[in-house]
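Working notes, structure below.
Coordinate-derived values only; no laboratory data. As the structure is a computational prediction, the values presented were derived from the model and not from experiment. Note: ideal-geometry Cβ built from the backbone for every residue, glycine included; neighbour counts use all protein chains shown.
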Amino acid sequence: MIVFGGDYEHTLDMRATNGSLGELVYRARPLSDLYKMILSRGEFEASEFSLSNHIMYRDRGDSWLTAVPVFPSRVFRHSSVFVRKDSELHDFGQLAGKRVGVSEYTMTAAVWVRGIMLDDYGVHWRDIRWVSKMDKRFPPPASVDLESSPDNLEDLLAAGSIDALLIPRPQDLRLPAKQRRFRPLLDNVQAVERDYYERTGIFPIMHTVVVHRDALAKWPQAPEAIFELYSAGKQRALQRKLGASFLPWADKQWDETVAFFDGDPLEFGLTPSNRRIVKTLCRYLHEQELIAGPVVDIEALFAAGARNW
């Protein structure tokens with residue numbers, strides 16, 4: 001069985017295992033390719049996928065995917081909103097009435113940002129005029145003020161056609177620092193994200209791992225085997241302190257950061273903390289009219305028996 005996922009440090013040592021599934025192998029692929037594969041219902045057995053999009057499928061009664069409570073990507077998203085360097089905007093509260101680009105309206109990162117803007121800054125998603133690319137994963141709610149554009153969103157921001165851009169990682173960041181056209185909306189954004197975690201205990205989950213229903217029918221034990229594969233890989237990464245020996249002072253930052261997250265910044269399983277984070281994401285999806293009703297049973301989103309892993 002092949003599990004597709006992103007190329008992360010904590011998956012570098014994901015070793016193939018042999019058992020009742022045969023050989024369980026991890027293969028890294030660009031996430032954009034994996035999303036296209038899943039959204040087009042291509043052939044695969046298990047893959048990393050958007051947690052919000054998985055929940056949206058389930059809300060629509062489409063249970064062709066079963067999630068494993070593995071969360072390979074978590075990112076604080078306050079730093080995912082960019083403005084031009086000369087912009088007068090410095091706060092989420094200033095985005096009301098503005099035109100904001102978003103690379104994909106239903107992506108998990110955008111759901112988190114809109115939820116945080118409403119919870120912490122009082123800016124409702126209806127207060128913003130959204131601009132996105134033409135191709136969309138899911139149709140947006142009818143109540144959203146959303147314009148589709150064939151133009152590159154970063155070019156629109158640079159030209160002043162939009163005021164800000166919600167995007168996980170703009171191409172602009174690949175330029176040398178002095179050549180970059182954009183900056184994060186929030187000043188001292190890392191301190192803001194640290195304060196957010198200290199206040200809420202939320203390190204936002206972006207992705208989960210899903211198993212195709214055909215693979216699940218063939219290998220009912222696949223979700224637990226995948227959970228064990230990821231867990232062992234992560235544990236080896238924590239023990240080796242991956243990345244801590246390459247850059248000066250990184251070892252001290254590693255120790256401080258891991259301690260900040262009580263020893264595990266990438267917690268797997270349906271722990272109380274993860275249940276609360278997934279529940280918050282579900283609330284945001286409902287508030288943003290991306291799902292029809294509140295999610296009452298968090299466990300139903302994941303494989304049977306996951307609570308015991």
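Summary of computed values
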quantity: Difference of contour (0.36 nm per residue) and Cα-Cα distance, SER79 to LEU238; calculated: 54.7 nm
quantity: Between helix 272-287 and the chain: long-axis angle, C-alpha atoms, 0 to 90°, nearest 10; calculated: 50 degrees
quantity: Nearest-ten-degree value, helix 250-260 long axis tilted from longest Cα axis of the chain; calculated: 80 degrees
quantity: Inter-centroid distance (Cα atoms) of region 160-231 relative to region 9-47, Å; calculated: 18 Å
quantity: Estimated 222 nm signal from helices in the chain, with DSSP H stretches of n ≥ 4 weighted -39500 (n - 2.57), rounded to 500; calculated: -10000 deg cm²/dmol
quantity: Gained length - VAL25 relative to SER87, 0.36 nm times residue gap less alpha-carbon distance; calculated: 17.6 nm
quantity: Acute angle (nearest 10 degrees) that the helix 108-121 long axis makes with the longest principal axis of the chain, alpha-carbon atoms; calculated: 50 degrees
quantity: 3J(HN,Hα) from dihedral phi, region 199-215, Karplus parametrisation 6.51/-1.76/1.60, rounded to Hz, x for glycine, proline; calculated: 7, 10, x, 9, 10, x, 7, 9, 10, 10, 10, 10, 10, 5, 4, 5, 5
quantity: Debye equation applied to the C-alpha atoms of region 78-200, log10 I(q)/I(0) at 0.20 Å⁻¹; calculated: -1.19
quantity: For percent of Cα pairs over 25 Å apart, calculated from these coordinates, the label among (i) 52; (ii) 48; (iii) 57; calculated: (i)
quantity: Given charges at beta-carbon only (K, R positive; D, E negative), |dipole| of the chain in Debye; calculated: 300 debye
quantity: Relative contact order %, the chain, counting alpha carbon pairs below 8 Å whose residues are six or more apart; calculated: 28 percent
quantity: Sequence-separation-based contact order of region 178-282, relative, with Cα cut under 8 Å and 6+ spacing, percent; calculated: 24 percent
